[in-house]
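Heads up, the thing below is written out as structure tokens.
The values are calculated or read from the model by the stated rules, or taken from the named source; none is laboratory data. All values derive from a computational prediction rather than experimental measurement. Neighbour counts are summed over all protein chains in view; Cβ atoms, including those assigned to glycine, are modelled from backbone coordinates with ideal geometry. Side chains included, ligands, DNA and RNA excluded: accessible areas come from the protein's heavy atoms. Shrake-Rupley method; radii C 1.70, N 1.55, O 1.52, S 1.80 Å.
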Amino acid sequence: MPITLDLRQAIVHKVHGKSEADLTDMIMGSVDGPEVALPGLGVILEVAWKHMSPSQQQEFVHLAHEQIDKIKPVPLT
């Protein structure tokens, strides 16, 4: 019988038990990497977000907003 995992489960399975250094390497390798890595970063953000305090969430949103506003979007064609 085949095992069926959804994307979240597959990513958690891949990083579960890894050291902080391994997780850092995975994140660093994904940032500015191929778009296929973006779902993994999204799952890691989701897991972290669920365990942040409201003030940590607000601090993250502030940082993200501040940095996104610095980016000049390229025209969509």
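Annotations for the structure displayed:
- Any pair with Cβ under 7 angstrom, 6 or more apart, that starts in the stretch 1-21 at a residue that is closer than 11 Å to Val43 by Cβ and open to solvent by 80 Å² or more (accessible area, probe 1.4 Å) and ends at one that is part of a helix (DSSP H, G or I) and of a type in the set (Ser, Thr, Tyr): none
- Qualifying residue in the stretch 48-58 (condition: surrounded by 11 or more Cβ atoms within 10 Å (Cβ to Cβ), at negative phi, among the aliphatic types (A, V, I, L, M) and in a helix (DSSP H, G or I)): yes
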